Amino acid sequence: MTALDLLDLDPSLTDEERQIRDVVRHLVDDRVRPHVADWYEEGRVPARELAREFGKLGLLGMHLTGYGCAGASAVAYGLACQELEAGDSGLRSLVSVQGSLAMYAIWRYGSEEQKQRWLPSMATGEAIGCFGLTEPDHGSDPASMATRARRDGDDWLLNGGKMWITNAPVADVAVIWARADEGVRGFAVPMDTPGVTTREIRRKMSLRASVTGEIVLDDVRLPADAQLPGAAGLKAPLSCLTEARYGIVWGSLGAARDCLETTLAYATTRTQFGRPIAGFQLTQAKLADMAVELVKGQLLALHLGRLADAGRLRPDQVSVGKLNNVREALAIARQCRTILGANGVSGEYPVMRHANNLESVLTYEGTSEIHQLVVGQRLTGLSAFA
Ligand SMILES: Cc1cc2nc3c(=O)[nH]c(=O)nc-3n(C[C@H](O)[C@H](O)[C@H](O)COP(=O)(O)OP(=O)(O)OC[C@H]3O[C@@H](n4cnc5c(N)ncnc54)[C@H](O)[C@@H]3O)c2cc1C
């Protein structure tokens, strides 16, 4: 492994885990790195094409079993997320939303018919899914959602709107969460259903290599069997978020590692005052502190992954991981930027792109403040959410 593996974590992985990591790393090197700066600058990404390529490698819903899914371990899935996000957080988002949010919701809460209809084509990337929980007026507090599901004979009628939905403008199916008389319910909504419209959110300064959109639901009529029969209450979408947050625990470190690798290479070759800037004590202090945080984050991710594989991972432990690793990854990206000087703000280097992306990662799937509240509640037994 690289110089950044300060604690020799590599031998803690199984051969299969290392193989999966290396395959994804090669895919990112071949397919993502040569183009991602352009995608980012243009604010466009070939999402469908990439989804098919990711699907071919078994990366979509890779930790799920059956229906064409790879059935990989949580650690293997985490390692894949780390490699994808070393390419760009937007690509890891594509895979996370597809596998951990949309597919997981159908896999865990859907009927057999819904699973057969959607999961095999989502696993190959032929069909793209999205996950609509956030609304324009309800983000951190989804319990207050305004989107309504009303029964009309045997059908359901959905009305409302979802905002900041990854993949929405390119999706074939949306898992939409709405409030019915009996509480929050989930629906698998084909995006070509009359009354469903999407609008792409432009001018994002972060996650520009990811498609994000708004979904408007105007008297959307759905048959009874569009409802996910196993999902009752807000705990259903929250369980999906726990899945996706777990991927972020690993993924964010991929962005940090890419920043640090770039910066190490830069600092050892860039000379000022007649010597490489890596030779200055102040630079080494930065590099050492960042490498220590990176490897601490990797240990944390690996520990959580092993807990997940043993079926013992709790949501508040995932909050510990997301809170720490995204916060540290962002701090690493910003610090790396300083070492690159003016080149740190250039798109010729990946550092500022990663830093900007991590601003979104800090906010989505529960903001860092929300994860502090989750951990605070675990510590004190007191809810400080409202
Ligand atoms: C690029 C991108 C992609 C996204 N993709 C998806 C997606 O696919 N599906 C989806 O459903 N959503 C998605 N989101 C939405 C994301 O999950 C929300 O932005 C996030 O939950 C925060 O909600 P908000 O933006 O409404 O902020 P708010 O909830 O308005 O929060 C604003 C600030 O107030 C703080 N705050 C809120 N409540 C409290 C409290 N009780 N105590 C202390 N501080 C508090 C927050 O921490 C934050 O700092 C995406 C967002 C982005 C940026």
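The values are calculated or read from the model by the stated rules, or taken from the named source; none is laboratory data. Quick caveat, the model's predicted, so the values are computed rather than measured. Cβ sites come from the backbone with ideal geometry, for glycine too, and all protein chains shown count toward neighbours. For the accessible areas, the whole protein counts, side chains as well, though only heavy atoms, and no ligand, DNA or RNA atoms are used. Shrake-Rupley method; radii C 1.70, N 1.55, O 1.52, S 1.80 Å.
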Sole miss for ARG221 among (1) within 16 Å of the ligand (Cβ to nearest atom); (2) touching a residue at least 60 places away in the same chain (Cβ under 8 Å); (3) of a type outside the set (Gly, Ala, Ser) is condition (1)
Residue in the range 74-91 that is polar (S, T, N, Q) and part of a helix (DSSP H, G or I) present
yes
From the list GLY160, GLY213, GLY233, GLY186, exactly one residue is within 14 Å of the ligand (Cβ to nearest atom) and either at positive phi or of a type in the set (Asp, Glu) (or both). Which is it?
GLY160
With the condition kept exactly as written, say whether any residue in the range 80-88 is farther than 29 Å from LEU294 by Cα and more than 16 Å from the ligand (Cβ to nearest atom).
no
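A quick yes/no check of all residues on (1) crowded, with 18+ Cβ neighbours inside 10 Å; (2) out of contact with any Gly (no Cβ under 8 Å at 6 or more places or on another chain):
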| position | (1), (2) |
| --- | --- |
| ALA236 | yes, no |
| THR263 | yes, yes |
| GLY274 | no, yes |
| ALA291 | yes, yes |
| ALA301 | yes, no |
| GLY305 | yes, no |
Please work out which residue is farthest from the chain's Cα centre (by Cα), limiting yourself to the range 14-50 and to residues that are within 21 Å of ALA123 (Cβ to Cβ) and of a type in the set (Asp, Glu).
GLU16
Would you check if ASP15 is closer than 26 Å to VAL295 by Cα and surrounded by fewer than 15 Cβ atoms within 10 Å (Cβ to Cβ)?
yes
Do we find a residue being of a type outside the set (A, V, I, L, M), within 29 Å of PRO190 (Cα to Cα), open to solvent by 10 Å² or more (accessible area, probe 1.4 Å) and in contact (Cβ under 8 Å) with a residue 60 or more places away in the chain anywhere in the range 25-39?
yes
For residues that are of a type in the set (Gly, Ala, Ser) and surrounded by 12 or more Cβ atoms within 10 Å (Cβ to Cβ), scanning just the range 368-382, find the one that is farthest from TYR246 (Cα to Cα).
GLY376
Restricting to the range 64-91, give me the number of residues that are polar (S, T, N, Q) and open to solvent by less than 20 Å² (accessible area, probe 1.4 Å).
2
Checked the range 51-63 for anything under 16 Å from the mean Cα position of the chain (by Cα) and either assigned to a loop (DSSP other than H, G, I, E, B) or surrounded by fewer than 21 Cβ atoms within 10 Å (Cβ to Cβ) (or both); matches are LEU59, LEU60, GLY61, MET62, HIS63
Could you tell me which residue of the range 307-342 is most open to solvent (accessible area, probe 1.4 Å), considering only residues that are in contact with a helix residue (DSSP H, G or I) (Cβ under 7 Å, 6 or more places away or on another chain) and not in a helix (DSSP H, G or I)?
LEU313
Condition first: within 25 Å of ALA37 (Cβ to Cβ) and touching a Pro at 6+ places or on another chain (Cβ under 8 Å). Can you find one or more residues in the range 269-279 that meet it?
yes
